[in-house]
Each structure stands twice: as structure tokens, then as C-alpha cells.
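Q: I am attaching a structure below and will ask some questions about it afterwards.
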Amino acid sequence: RNEAINITWLSTYINTSPARPAWAFMVDALINTLKPEGINNPNDVQTFLTSWTPPTRGPRTNCLPKEIITMLKMARKHNMCFAPIKLSQSLKRQLPAWLHLGALPRTYHKIKDLCLRQNHGVKSIKDLLNVSNRPTTAPQHWESHNCECELCASDRQAGCKNPNKCISTAAAIINNLAPKFNPFQCPINDELTLTHHRLEKNTRARTQ
């Protein structure tokens, strides 16, 4: 019975819809006090949407209520994780940029990534795309450390010393994501996705 109750609390906690209760955000804040090294903003860490696993024992967990530790242990016991079969381009862009579930080994570099986090405000894959796509979205940009285009000038004012280097770093992170998570790659057609006509039929059926 206690396990069933804990699973119910856990399912409510991982709900990311607008109906998510206020206490779940408080739990996020408490868990993120244990954030891994290199993440400056604790709000950048989302427990079940990154490769980071919060500790459930040891002196670091003294700040967590026992109910939260029990909930985390329950998630680990039942192997709860974010494991989608197929992701839309929109969902790929919403995933966190750091500690990404689909990041291959050596994707991140502590020193190179620091500027992206601090000066460019990169938090999601969408943010990485905005940085990496500059050569195609800013016609006046040229691949040089002293580029004088408007966006690079703005980056320097924000504290970035070499915007073009950060553009390359952002692109390298994206290119090093597993194909299922990579926004540059389209999912393989598995004939499970509804076609446009089938979606229209479903919409008409719901309204009848």
C-alpha cells in the first residue's frame, strides 16, 4: 500500500503539464540544491529529463526530506526515466541543453561550455540552435573571431570574447547527440505516425 501511494506521488511529480501542482516545483528546488558541478543555475537541472541522477544517500542528502528521498528511491527501483520512442522536432528543441540524455561521451567541455551558459544564456536545445544557426540567420556574419555583425557585437557586450568559437561549440554539442534526439535529423518512418488524412478523420470523429 505504501509503495502504491509513493508511486502516485511520483506520477504527480513528473507531470509537466500546466496542471502540475505547486509542491512539485518546491521539490524541484530542493533536489536541485544537489546539482552537479558545472551547472550554475539550479533551475537548469530537471531530474528525469537529464542524465543526472540525484543521490539518495550520504551527507549531501541531509537537506532533503525523507519523503523526497523515498520518492527518488521508488523511481530508481522501477527504472523510471524519459525514454520516448520518437520525438517531434518541437519536443527535441524543448529538452535541456546540459546533461542531455542523448549526449554521447565527451560531448561537453567544461571551459568551452561555460560561456554558452553564462553569457549566451543557453538552457535548452532551442537555445543551442539559435547560437549555432547564426551563419545562416545573420547574413552579415562571417566566420572569424573578430566578426563585427550586430549579433556578435551584442554577444561581446554580454561578455563573450569569441562569439564565433561559441557558435562552433554549440553546433558540436548538437551534432554529438544521438540520432533520436538530434534536431538536425528526421525520425525514421516507422509507419506508426498518423498521416494528415488520418488526423483529419480523427478530428471529425471527435466532433461528431
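Q: With +1 on each Lys and Arg Cβ and -1 on each Asp and Glu Cβ, and nothing else charged, work out how big the dipole of the chain is about its Cα centre, in Debye to the nearest 20.
A: Working: 27 positive and 14 negative charges, 118 e Å.
Computed about the Cα centre, the dipole is about 560 debye.
Q: Between R20 and N175, what is 0.36 nm times their sequence separation minus the Cα-Cα distance? Round to one decimal in nm. Present the calculation step by step, with values, prior to reporting the outcome.
A: Working: separation 155, 0.36 × 155 = 55.80 nm, distance 3.28 nm.
Here the segment from R20 to N175 would lengthen by 52.5 nm.
Q: Along the three principal axes, how long is the range 41-120 when you take its alpha carbons, biggest first, rounded to the nearest angstrom?
A: 37, 32, 22
Q: Quick one: net charge around C147, please, counting Lys, Arg +1 and Asp, Glu -1 for every other residue with C-beta under 15 Å from its C-beta. Before the final figure, lay out each step's value.
A: Working: positive: R134, R156, K161, K165; negative: E143, E148, E150, D155.
So the environment of C147 carries a net charge of 0.
Q: Something else about it: Grab the other residues whose beta carbon is less than 11 angstrom from that of L72, score K and R as +1, D and E as -1, and report the net. Please report the intermediate quantities before stating the final value.
A: Details: positive: R57, K66, K73, R76, K77; negative: E67.
Local charge sum for L72: +4.
Q: Within straight cross-link reach of K180, meaning Cα distance under 18 Å, which lysines are found once same-chain residues fewer than 8 apart are removed?
A: K86, K92, K126
Q: How many times 2.2 N^0.38 Å is the alpha carbon radius of gyration of the chain?
A: Numbers: Rg = 20.5 Å, N = 208, 2.2 N^0.38 = 16.7 Å.
My calculation over the Cα atoms of the chain gives 1.23.
Q: So, one more: Please list the non-local residues whose amide H lies under 5 Å from the amide H of A103, H modeled 1.01 Å from N, same-chain partners needing a gap of 5 or more.
A: Counting only residues 5 or more places away or on other chains, the set is A178.
Q: Whole-Hz Karplus ³J(HN,Hα) for the range 98-103, in order, using 6.51 cos²θ - 1.76 cosθ + 1.60 and θ = phi - 60°, x for Gly and Pro?
A: 9, 6, 5, 4, x, 6
Q: Cross-link partners among lysines for K110, C-alpha distance below 19 Å, same-chain residues fewer than 8 apart left out?
A: Those lysines meeting the cut-off are K35, K123, K161, K165.
Q: Which residue, chosen from Q157, N2, A178, occupies the Cα position most advanced towards the positive end of the dipole of the chain, where the dipole is computed from +1 (Lys, Arg) and -1 (Asp, Glu) charges on Cβ about the Cα centre?
A: Going by the Cα projections, it comes out as N2.
A short reminder: the numbers here are calculations on the coordinates, not readings from a lab. Quantities reported herein were computed from a predicted structural model and do not represent experimental measurements. Here Cβ is always computed from backbone atoms with ideal geometry, including for glycine, and neighbour counts include all displayed protein chains.
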